[in-house]
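Please read the structure below before turning to the comments.
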Amino acid sequence: MESKPFVTSTMHDGVGTISFFHPQHNAMPSHLLTQLRDAIEQAGRNNDIKVIVLKSEGDRTFCAGASFDELIAIDNEQSGQAFFNGFAQVINAMRACPKFIIARVQGKAVGGGVGLAAAADYALASEYASVKLSELSIGIGPFVIAPAISRKIGVGALSQMTIDAKTFYSAHWAREKGLFADVLPDLMALDQSITALCDELTNYHPEAMAEMKRVLWSGTDHWTTLLSERAAISGKLVLSDFTKDTLQRFK
């Protein structure tokens, strides 16, 4: 397995694949989130790309959320807001992208990783893709990603995950709630399902898909401001004595 973090983009037969990796369970530091945002925006502008697949490397973890090392180093509200704004910018890039984004969720998703899956237009998962929102247990909350998650699974399920912050919910639970379109038994079946879906979508009318995406995301134009405001909330809370003490215990 490659040990250095990366975001890469490839294209084949109208399918743009954006891959990310970090050795710490695909936790995403700020510079990788910036690269991921840029890759999504670039793919959205590429007329040769008809559909986008978002995936991470490795077998059992899709994304462990934000970088713990960066989180624990925050020492002022401005840097705190900037840190949490990383996932906000990626989610807004996914929302504004004119192409359908298919998430390949091959393993566990925590915090921001759940946000990425929710911000995708369609998510396919493996049996290993359990999900958890752990933020409240360390003294913050899933403020930035909550709009994307509640849009997919509803406020009730979001509330359940947020309050029961130490529980991993199964991939099948996530499918029942609407986060995943399907759960496949293994990685081979997952990739076959994604390939079949992309083969269909690349034959659809690009303008029709772009218009449909606008319809599906209607009412979210204010998210650029909303998610930045939510990032400021987290950026302030992470400086509290409670959160600092909790993070030190985790460290």
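The values are calculated or read from the model by the stated rules, or taken from the named source; none is laboratory data. Note that the structure is predicted; figures quoted are calculated from it, not measured. Ideal geometry is used to build each Cβ from the backbone, glycine not excepted, and the neighbour counts take in all protein chains shown.
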Response to the item:
Within the range 122-134, restricting to residues that are in contact (Cβ under 8 Å) with a residue 60 or more places away in the chain and surrounded by 22 or more Cβ atoms within 10 Å (Cβ to Cβ), the one that is farthest from VAL183 (Cα to Cα) is ALA129
Discussion item. If I filter the range 41-51 for residues that are crowded, with 20+ Cβ neighbours inside 10 Å, modelled with pLDDT of 95 or more and in a helix (DSSP H, G or I), do I get at least one hit?
Written reply: yes
Worksheet, complete the sentence: Among (1) surrounded by 15 or more Cβ atoms within 10 Å (Cβ to Cβ); (2) of a type outside the set (Asp, Glu); (3) out of contact with any helix residue (DSSP H, G or I) (no Cβ under 6 Å at 6 or more places or on another chain); (4) closer than 29 Å to LEU237 by Cα, LYS55 falls short only on (4)
Item to complete: Mind listing whichever residues of the range 174-203 are in contact with a helix residue (DSSP H, G or I) (Cβ under 9 Å, 6 or more places away or on another chain) and under 29 Å from ARG45 (Cα atoms)?
Response: GLY178, LEU179, PHE180, ALA181, ASP182, LEU201
Worksheet item: Got a number for residues in the range 2-56 being under 17 Å from ILE101 (Cβ atoms), in contact (Cβ under 8 Å) with a residue 40 or more places away in the chain and among the aliphatic types (A, V, I, L, M)?
Response: 11
Fill in: When residues of the range 135-169 are limited to those that are within 17 Å of the chain's Cα centre (by Cα) and polar (S, T, N, Q), the one surrounded by the fewest Cβ atoms within 10 Å (Cβ to Cβ)
SER150
Response to the item:
Among helices (runs of 4 or more DSSP H) entirely inside the range 57-120, those with 2 or more residues being farther than 22 Å from LYS213 by Cα and in contact (Cβ under 8 Å) with a residue 40 or more places away in the chain are 68-73, 77-96
Discussion item. Please verify whether SER9 is in contact with a Pro (Cβ under 6 Å, 6 or more places away or on another chain) and of a type in the set (S, T, N, Q), treating the condition exactly as stated.
Written reply: no
Worksheet item: From the list VAL144, VAL183, which residue is in contact (Cβ under 8 Å) with a residue 40 or more places away in the chain, closer than 28 Å to ALA82 by Cα and either among the hydroxyl-bearing types (Ser, Thr, Tyr) or not in a helix (DSSP H, G or I) (or both)?
Response: VAL144
Practice prompt. Starting from residues that are farther than 20 Å from ILE52 by Cβ and of a type in the set (Gly, Ala, Ser), keep the ones in the range 1-29 and report whichever is modelled with the highest pLDDT.
Written response: ALA27
